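Engineer: Once you've had a glance at the structure underneath, I'll fire off some questions.
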Amino acid sequence: MGLNSVENIIGRVESVHSGSNEDMSKEAHSSIQVELVGIVGDKHRSFERSAWAGWDKQPEGTIRRNERQWSAVSAEELVEIQKAMDLTKPLTATCIGANLCLSGIPELSRLPKGTILKFASGVVLSVEEYNHPCNYMSEKVASLYKTHSGDEILLTAFSRAAKLTRGIVGVVEVAGEISAGDDVTVEIYAPPSWLKRSENRD
């Protein structure tokens, strides 16, 4: 089932995480508190952030809107990455610094900007963009994991394996609490009908 198969998808929250560790890892919790400024206790909790060199539209250090208040990965896509890298143990949301690990959502990493995630408590999150794999995380995974074959993991292996499955980031629209085991309704963004040009237009 692809993204265009249905208007809404019901997924599940496998785990929730927050943290401000220097290595970007996050601790697992039974629930997390979500505020309009971001997730309580999380490194990325802010309305603003500094622009990164070679990544953002603005010069490095420019204070800009924080479009990365939360991050989410797919349990199924993590398995894909693990298999592609031939890892001996599961790749976890804790290790790669995601706030949410979700399941049952086909092609999570391809959800378009404007897609809405609605949780049982009333929390609403809005998708901003795909979360590109970075060199730092690739090096971290290479240092922590081993392969079944015994081959050395290249420092760029994670970036290559997770090129289209790294997950998504976004902003908070409605505050509340998200717990492991909650359902999540995904409302996939589609341009409104009034915005589309009529095929019969002269």
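Values in this text are rule-based calculations from the coordinates and carry no lab data. Remember, predicted model here, so these are calculated numbers, not experimental data. All Cβ positions, glycine included, derive from the backbone under ideal geometry; neighbour counts span all protein chains shown.
Engineer: Give the percent of DSSP beta bridges with both residues in the chain that are antiparallel, rounded to the nearest 5.
Structural biologist: Beta bridges within the chain, antiparallel portion: roughly 95 percent.
Engineer: How far is helix 135-144 tilted off the main Cα axis of the chain, in degrees rounded to 10, range 0 to 90?
Structural biologist: 40
Engineer: So, one more: Can you pull the one-decimal nm distance between simple spin-label points at A51 and V37, each 7 Å off the Cα toward Cβ?
Structural biologist: In this crude spin-label approximation the distance works out to 2.5 nm.
Engineer: Can I ask one more? Under the 0.36 nm per residue contour assumption, what length would be gained going from the current alpha-carbon distance of T94 and S121 to full extension?
Structural biologist: 7.4 nm
Engineer: If the reach is capped at under 20 angstrom between alpha carbons, list the lysines near K43, excluding any in the same chain fewer than eight residues apart.
Structural biologist: Within the straight-line cut-off, K43 pairs with K26, K140.
Engineer: Peptides 64-74, 47-57: what's the order by average Cβ count within 10 Å, highest mean first?
Structural biologist: Peptide ranking by packing, descending: 64-74, 47-57.
Engineer: Post the alpha-carbon centroid distance, region 3-42 to region 128-183, in whole angstrom.
Structural biologist: Each part's Cα centre sits 13 Å from the other's.
Engineer: For K146 paired with D86, estimate the spin-label separation in nm (one decimal), with each label point 7 Å from Cα along the Cα-to-Cβ line.
Structural biologist: The answer from the label model is 1.4 nm.
Engineer: Turning to a different aspect of this structure: Multiply the residue separation of A175 and S193 by 0.36 nm, subtract the distance between their alpha-carbon atoms, and state the gained length in nm to one decimal.
Structural biologist: Working it through step by step, the gained length comes to 3.5 nm.
Engineer: Right, something else. For the Cα atoms of the chain, what angle does the longest principal axis make with the long axis of helix 75-85, in degrees from 0 to 90, nearest 10?
Structural biologist: Computed tilt is about 40 degrees.
Engineer: In region 130-199, which GluC sites (Glu not before Pro) are in a loop and have at most 10 other Cβ atoms within 10 Å, using DSSP for the loop call?
Structural biologist: Those satisfying the criteria are E152, E199.
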